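Trainee: I have a structure here, written as structure tokens, and I will follow up with some questions on it.
The values are calculated or read from the model by the stated rules, or taken from the named source; none is laboratory data. What you are looking at is a predicted structure, and each value in this text was computed from that prediction instead of being measured. All Cβ positions, glycine included, derive from the backbone under ideal geometry; neighbour counts span all protein chains shown.
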Amino acid sequence: MTTQVRTEPITVNLGPQHPSTHGVFRMRVTFDGEEIIDVEPIFGYLHRGSEKLAEERTYVQVVTLTDRMDYVGSMLNNQAYMLAVEKLGNVEPAPRGVWLRMIASELQRIASHLVAVGFLIQDLGAWGTPLIYTMREREKILDLFEMLCGARITNSYLRPGGVFMDAPAEFWPAMNAVLDELPPRIDDLDDLLTDNDIIFSRTKGVSVLTPEQMLDASITGPMLRAAGVDWDLRHRDPYDYYDQVTFERPLHTAGDNFARYWVRVQEMRESIKIIRQCEKLIEPGPVRPEHDDVPWLLRPPIGDAYAAIEHSKGELGFYLVSDGSISPYRCHVRAPSLINLTLLREMLVGELLADMFVSFGSVDINMGEVDR
Amino acid sequence: MNSPFLDNSLFRNIYCYLASGSDDCAARGYDMAILPSGLEWLAFALTAFIIINIVINAGLGAVIVYIWGERRILGRIQNRTGPNRWGPFGTLTSVADAIKTLFKEDIVPDEADRWLFNLAPILMVFPVLMVLSVIPFGVGTFVVDLNVGILFVIAITSMSGISVVLASWASGNRIAIFAGMRSVAMLISYEIPMALSLIGVLMLAGSMSLGAIVDAQDIPFILVQPLGLFVFLLAAQAETSRTPFDLIEAESELAAGYLNDYSSMKFGIFFLAEFLATIVASMLIVTLFLGGWRGWEPIPSQIWFAGKTVLVLLFIMWMRFSWPRLRVDQILALAWKGLFELTLINIFVTAILIAIWPEPSVTELLIMSAINWVVFFISIWAVSKLLRPGDYTAPAPREDRPSYPVATDELPDEVAYTGGATR
């Protein structure tokens, strides 16, 4: 006679106060033993109404709101917003300003990827050591931002048509020193992490997403490239002067956690190459158009515009509607963090509890951007 | 009263100053006595009480120092200073932490099972302190030399698993239940390789007494029993739930695991037990594999023991701070598919060698160790081959791949965003 052991699933609330939800994210997860059978993501704990607030501010003031969306990618947010404003107001940007913001946003991309990789390893359970190594490199980049605009996190560096201030003379040698130091540090990361058997066995084949699934859900960024789809807006739809620089798009074919991690590490190397080229191509000149052409109180003609950039997390787009006044009539953000989360259930169901936060971390979301 | 404990110099030194008229003490040159004749039983009880207090307090003091040391070393590993505010080099940080923990509010959740909830911390710290009683810290410095010492250690440490289950169940917290399930799976799995890894040592020493094992180590057993040490080190890490085996309190997954609902000194006792368990595990490693208190004169044997323990602790910290955690199925696979086989190989080879040389001299021990190291490397290589995850096929170079390896047709070649259109 055999007896059937009766088991029942447990539903657990993980978050919003959980150490590894990268902010205030909440998941109502149903487990069968250790295996996940259902996930219900719940967000909105960090909602500040940035899009609504933008309607009450002038076009330049909105820059400060974009800083606070994805606060580990402020420069990139600034850039996406400025591209939309320039498209809306038909602003001709100043070349030196464009080069400077390309440099700034590529530096920001490295910093953002460093955070993503560091916290992914933290989620894997390492005692903070790799995280602190990546944070150490990020600090140097933040120091560079401090030289550029005086702020480290919430930069607000960009203005319509360029940047608000030229880089100081001591910025260039400092930046070169950082760029010289970075590749060996990334190699160190490779030695410590990429070739690590524990990390490899923990992340390989976990939370696999197929390209079809991701294209259906309009997922972009390193997640998509980790499944082998060559989709990078810097290459596909070059904005700023990205058509004048050459760089590789690292692709992986697996589409699992390890591939997502691997793509980010490789992209840091490519960003360094881009910055080196920008430094060669940049020429002296004004960093933003004359005030008479582009006043601080910008009044774009009636119309709408959408501009998108390749953010470190995916396609970040700003859709602005102008009614001819000094502030946007409507501002909508296509936030990659939010859209990349849409496949969370597909990623997690069937995996184990231990891999849950690793998969979650490999999406590389930022709650400031998810909730806005 | 003839006490069987008089071989123990720690015991003798206290007992003989208390008891008077004991022939044994007089024969050993003690002539001072505080208690009158006839009260030997009181002297015995007092001595036992004093020794227990010394050992427990030394253990707790070691934890305070260890926590400070671990945090300092973690700081150095992570390129930062570590605690340095309280006392010179931050030495008083742990004291401040302990005081802070004492004054926190002691919360018992409504849904908790009060009895078990309060019992669990005691059950956690009690076996660890019990293990301290059989470890020889130096020449004649031990509480008691049990002739079944190893059996005692293995039996008593398995109680810690029960306390984790109790704590997680009694908390009435679902996240804690996960920790309980994991502890049942993991701690019990690792009991087996841990116990089996010591059989080689038992065969070599011919005794279960920890004192006799130290006596038998004319050369440290790390040379003769590399496989045993390897398995015991990993299993002890798992038993004390340190990274990479810290499933039970996996911070990034379960927040604090079974400790979720504990606060104040109950939490403190769990913490203490955990750190004390690490120290005790390294003491056991020193006793069983590194020659225990044996060393060279004129450095006292107790210093040798402490120094070796610190070295083992440093190694454990290094492992802890460098590696990420394994997944639960991988940890169980390692126990049953890896370590279990390694222990069987070790027992088999050692048994054959003991059959050849029943009473090994130093030369014969060296020959044994040569054979054992060869076996060590071959078997570790084979097992790691077995357990290793398969490799990816390396991604093809860029030129050979189309731009869209998958789902090419669905994507448009050019995407133009039609912005700026007038409304």
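Trainee: I'd like the full set of residues that are out of contact with any Pro (no Cβ under 7 Å at 6 or more places or on another chain), away from chain A (no Cβ under 14 Å) and not in a loop (DSSP other than H, G, I, E, B), limited to segment B:245-277.
Mentor: The answer is B:Tyr258, B:Ser264, B:Met265, B:Phe267, B:Gly268, B:Phe271, B:Leu272, B:Ala273, B:Glu274, B:Phe275, B:Leu276, B:Ala277.
Trainee: Something else about it: So, in segment A:149-184, how many residues would count as being in a loop (DSSP other than H, G, I, E, B) and either of a type in the set (S, T, N, Q) or closer than 13 Å to A:Ile275 by Cβ (or both)?
Mentor: Total satisfying the criteria: 4.
Trainee: Here's something else I'd like to know. Taking segment A:332-358 only, how many residues are in contact with a Ser or Thr (Cβ under 8 Å, 6 or more places away or on another chain) and crowded, with 23+ Cβ neighbours inside 10 Å?
Mentor: Within segment A:332-358, residues that are in contact with a Ser or Thr (Cβ under 8 Å, 6 or more places away or on another chain) and crowded, with 23+ Cβ neighbours inside 10 Å number 8.
Trainee: Here is a further query. For segment B:13-26, indicate whether the set of residues that are closer than 21 Å to B:Phe142 by Cβ, among the β-branched types (Val, Ile, Thr) and at pLDDT 65 or above is non-empty.
Mentor: Yes, some residue in segment B:13-26 is closer than 21 Å to B:Phe142 by Cβ, among the β-branched types (Val, Ile, Thr) and at pLDDT 65 or above.
Trainee: Go through segment B:278-297 and give me each residue that's part of a loop (DSSP other than H, G, I, E, B) and in contact (Cβ under 8 Å) with a residue 60 or more places away in the chain.
Mentor: B:Leu290, B:Gly291, B:Gly292, B:Trp293, B:Arg294
Trainee: Out of (1) among the hydrophobic types (A, V, I, L, M, F, W, C); (2) touching a Pro at 6+ places or on another chain (Cβ under 8 Å); (3) more than 11 Å from chain B (Cβ to nearest Cβ), what's the single condition that is false for A:Ile121?
Mentor: (3) is the only condition that A:Ile121 fails.
Trainee: Right, another one. Of these, B:Ile299, B:Ile279, which one is among the β-branched types (Val, Ile, Thr) and more than 19 Å from B:Ile154 (Cα to Cα)?
Mentor: Exactly one of B:Ile299, B:Ile279 is among the β-branched types (Val, Ile, Thr) and more than 19 Å from B:Ile154 (Cα to Cα), namely B:Ile299.
Trainee: Shifting gears a bit: In segment A:156-198, which residues are more than 23 Å from A:Tyr241 (Cβ to Cβ), of a type in the set (Gly, Ala, Ser) and surrounded by 13 or more Cβ atoms within 10 Å (Cβ to Cβ)?
Mentor: Selection gives nothing.
Trainee: Got at least one residue in segment A:223-235 being within 14 Å of chain B (Cβ to nearest Cβ), over 30 Å from A:Pro286 (Cβ atoms) and surrounded by fewer than 17 Cβ atoms within 10 Å (Cβ to Cβ)?
Mentor: Scanning segment A:223-235, I find no residue that is within 14 Å of chain B (Cβ to nearest Cβ), over 30 Å from A:Pro286 (Cβ atoms) and surrounded by fewer than 17 Cβ atoms within 10 Å (Cβ to Cβ), so the answer is no.
Trainee: In addition: For segment A:199-214, name all the residues that are crowded, with 20+ Cβ neighbours inside 10 Å and either of a type in the set (S, T, N, Q) or part of a helix (DSSP H, G or I) (or both).
Mentor: Across segment A:199-214, the qualifying residues are A:Ile199, A:Arg202, A:Thr203, A:Ser207, A:Pro211, A:Met214.
Trainee: Related question: Go through segment B:153-179 and give me each residue that's away from every other protein chain (no Cβ under 14 Å) and more than 29 Å from B:Ser209 (Cβ to Cβ).
Mentor: B:Val164, B:Val165, B:Leu166, B:Ala167, B:Ala170
Trainee: Testing A:Gly368 on (1) within 14 Å of chain B (Cβ to nearest Cβ); (2) in a helix (DSSP H, G or I); (3) at pLDDT below 85, one condition comes back false. Which one is that?
Mentor: Here A:Gly368 meets the rest and fails (1).
Trainee: Given (1) in a helix (DSSP H, G or I); (2) touching a residue at least 12 places away in the same chain (Cβ under 8 Å); (3) over 28 Å from B:Leu196 (Cα atoms), where does B:Arg76 come up short, assuming only one miss?
Mentor: (2)
Trainee: Here's another thing I want to ask about it. Of the conditions (1) away from chain A (no Cβ under 14 Å); (2) within 25 Å of A:Leu353 (Cβ to Cβ); (3) in a helix (DSSP H, G or I), B:Asp329 satisfies every one except a single condition; which number is it?
Mentor: The single condition B:Asp329 does not satisfy is (1).
So that you can scan it fast, the table gives a plain yes or no per residue for (1) away from chain B (no Cβ under 14 Å); (2) buried (at least 16 other Cβ atoms within 10 Å of the Cβ); (3) closer than 27 Å to A:Cys278 by Cα:
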| site | (1), (2), (3) |
| --- | --- |
| A:Val12 | no, yes, no |
| A:Gly15 | no, yes, no |
| A:His22 | no, yes, no |
| A:Lys52 | yes, no, no |
| A:Glu86 | no, yes, yes |
| A:Gly97 | yes, yes, yes |
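Trainee: Within segment B:127-155, take every residue that is β-branched (Val, Ile, Thr) and more than 19 Å from the chain's Cα centre (by Cα) and give me the one that is surrounded by the fewest Cβ atoms within 10 Å (Cβ to Cβ).
Mentor: Looking at residues that are β-branched (Val, Ile, Thr) and more than 19 Å from the chain's Cα centre (by Cα), I get B:Val148.
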